[in-house]
Amino acid sequence: MSVDKDTVNKIARLSRIAISDAEADKMVGELNGILAWVEQLAEVDCTGVEPMTAVIPNKLRLRDDVVTDGDVRDKVLANAPAKEGSFFGVPKVIE
């Protein structure tokens, strides 16, 4: 696959990037070099290689799910302007 000057100008227009003719000529060579490198990568035999998300192994650091600050319902409800049993009392809303 190769890129020509018309393709570079079209990409620049779609990206809403203003480039001069000299910049477009320079980009033709750079984009063709990038695409050649990608085609070279496609030639690498990677059968038997498992896909990975990172180069180094990442493990999730998990902690035990334990309650550390619970059982303070009475203290919390002491701040409520109205309460109904063990719950906050709120006014009825009817539309």
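The values are calculated or read from the model by the stated rules, or taken from the named source; none is laboratory data. Keep in mind that this is a model prediction, so the values were computed, not measured. Methodologically, a virtual Cβ is constructed for each residue, glycine included, from the backbone with ideal geometry; neighbour enumeration extends over all protein chains shown.
Quick check on N79: is it in a loop (DSSP other than H, G, I, E, B) and either among the β-branched types (V, I, T) or within 30 Å of G89 (Cα to Cα) (or both)?
yes
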Checklist line | Lone unmet requirement of (1) assigned to a helix (DSSP H, G or I); (2) among the charged types (D, E, K, R); (3) at pLDDT 90 or above for D74 | finding: (3)
Notebook entry, point to check: For region 21-48, which residues satisfy the criterion of being assigned to a helix (DSSP H, G or I) and of a type in the set (G, A, S)?
Noted result: A22, A24, G29, G33, A36, A42
Note to self: Where the second residue is surrounded by 10 or more Cβ atoms within 10 Å (Cβ to Cβ) and assigned to a loop (DSSP other than H, G, I, E, B) and the first is without any contact (Cβ under 8 Å) to a residue 60 or more places away in the chain and aromatic (F, W, Y) and lies in region 73-95, which pairs have Cβ atoms under 7 Å and are six or more apart or on separate chains?
What the structure shows: F88/A80
